[in-house]
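Worksheet: the structure to be examined is printed underneath.
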Amino acid sequence: MITKLNIAVLFGYLFFFSIQVFSADKSVGQENIRQAIEQGAKFLYQNQNATGWWTDSNLPALTGLALVALETANVSELDEKYESERRRAYDYLVSLAKPDGSIHDGRLINYNTACSLMALSVSGDSNYRSLIEKARAYISGSQIDLGKRGEQDNPNDGGVGYNDKYNHSDMNNTLMAIEAMRLSESAIRQKDQGRKPLKHDLDWKALEHFLASCQNLPELSDNPNLSNQPEDRGGFIYHPGESKAGEVSDKKTKRVALRSYGSISYAGMMSFAYARVSKNDDRVSAVIDWLSKNYTLDENPGMGQEGLYYYFHLMSKALTAHGVKNLKGPDSKSIDWRNQLASKLIALQNGDGSWKNSNKRWMEGDSNLTTSYVLIALSLLVK
């Protein structure tokens, strides 16, 4: 039997900050949130492939994220009913584990390994300890270090990329890697009660160098592609040489730089949380300021409907991790983002319990993926 971890262990970053987890506003209703979570969890269980995976047998990341969502949702009656199905999902992940610690089926190696490691880490099953240790070793070894070894002399240094066809780091793979490392650390620490040193870990100082290379605060980085425009200040870009939101040109100097956008700015904010950078740090304050000025639930700022559910997902996680109860919106009014986000997500739920983006970019046309995103987001909005 798989023993489920406590939600506080599941999202171990909450321990790092000793923050308060706020309940959603009464106008939403805790019972409404729980009902939406239960319906979403039921959808995932009923749409699992008979052999254990979700959506694509070649992309274990999708199964890993679904398992994390179900563990987070913690709907005990469904978990008991579908225990054998959950077991098959974990068995599927284990079947893809490679001797070097990676977990994949031939592509997107870092991404698949990280998402699979997250799932193994929240399973509560001590039989996965060896796999967890080996996957941690693989991920720690995948941190990019170009140029002179041990020195942060390239904007990509300290980050993580796909590790198959791209030679650069990016914010999404980096976030997945550090989330997997922190969740697995929490699982290991729980078993050892913090007595044993970690065998493998990331270079967290180098990670902060990479984050600086992707945050539009050009005075903190040598990356020449960062924007100095007021409308971009504090937000994040996808990687040191690209923003999915495109470029901005200075009318006077003709300098071209990369624009900030919503989902990846929350990814940056969440990365600071995992790196144990305080909410009072100027870098965190700057990204919160950008996200506050660009706050909306109608789109992913800078991207329209593309990546909308990933935006919702990271909003819930990042603001919760940093203990942000209210945001100051574009008109300087206080925003109860928790209540608004919960209401929005409940309104968007389909009759079958799922969520799905009409814009299919980044696989958000896959109901299993988007439902996984939302289940995690909602689980952080309910006591």
Selected residue (criterion: farthest from Ser243 (Cα to Cα)) from residues of segment 139-156 that are within 20 Å of the chain's Cα centre (by Cα) and either assigned to a loop (DSSP other than H, G, I, E, B) or basic (Lys, Arg) (or both): Ser142
Failed item in (1) in contact (Cβ under 8 Å) with a residue 40 or more places away in the chain; (2) part of a loop (DSSP other than H, G, I, E, B), with Asn280 passing the rest: (1)
Members of segment 332-374 found to be surrounded by fewer than 17 Cβ atoms within 10 Å (Cβ to Cβ) and of a type in the set (Gly, Ala, Ser), listed by number: Ser332, Ser334, Ala347, Gly351, Ser358, Gly365
So Tyr128, is it surrounded by 18 or more Cβ atoms within 10 Å (Cβ to Cβ), in contact with an Asp or Glu (Cβ under 7 Å, 6 or more places away or on another chain), assigned to a helix (DSSP H, G or I) and free of Cβ contacts under 8 Å to residues at least 60 places away in the same chain: no
Search result, residues across segment 201-229 that are buried (at least 21 other Cβ atoms within 10 Å of the Cβ), part of a loop (DSSP other than H, G, I, E, B) and under 19 Å from the mean Cα position of the chain (by Cα): Leu202
Out of Lys356, Lys328, sole residue that is charged (D, E, K, R), modelled with pLDDT of 95 or more and under 25 Å from Ala245 (Cα atoms): Lys356
2 or more residues without any contact (Cβ under 8 Å) to a residue 60 or more places away in the chain and over 22 Å from Ala275 (Cα atoms): qualifying helices (runs of 4 or more DSSP H) within segment 303-383: 337-348
The lone exception for Lys205 - which of (1) under 19 Å from Ile178 (Cβ atoms); (2) touching a residue at least 60 places away in the same chain (Cβ under 8 Å); (3) not β-branched (Val, Ile, Thr) it fails: (2)
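Based on this model, can you work out whether Gly52 counts as more than 22 Å from the chain's Cα centre (by Cα), farther than 27 Å from Ala347 by Cβ and in contact (Cβ under 8 Å) with a residue 24 or more places away in the chain?
It is true that Gly52 is more than 22 Å from the chain's Cα centre (by Cα), farther than 27 Å from Ala347 by Cβ and in contact (Cβ under 8 Å) with a residue 24 or more places away in the chain.
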Residue check, Tyr311 touching a strand residue (DSSP E or B) at 6+ places or on another chain (Cβ under 7 Å), under 26 Å from His209 (Cβ atoms) and of a type outside the set (Val, Ile, Thr): yes
Evaluation of Ile178 against (1) part of a helix (DSSP H, G or I); (2) at pLDDT below 95 (one fails), failing number: (2)
Filter result (in contact with a helix residue (DSSP H, G or I) (Cβ under 6 Å, 6 or more places away or on another chain) and farther than 19 Å from Tyr128 by Cα) within segment 70-109: Ala73, Val75, Leu78, Tyr82
Selected residue [out of contact with any Pro (no Cβ under 8 Å at 6 or more places or on another chain), of a type outside the set (D, E, K, R) and within 17 Å of Met171 (Cβ to Cβ)] from Leu314, Leu345, Leu319: Leu314
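The values are calculated or read from the model by the stated rules, or taken from the named source; none is laboratory data. This is a predicted model, so every value here is computed, not measured. Positions of Cβ are generated from backbone atoms using ideal geometry, with glycine treated the same way; all protein chains shown enter the neighbour counts.
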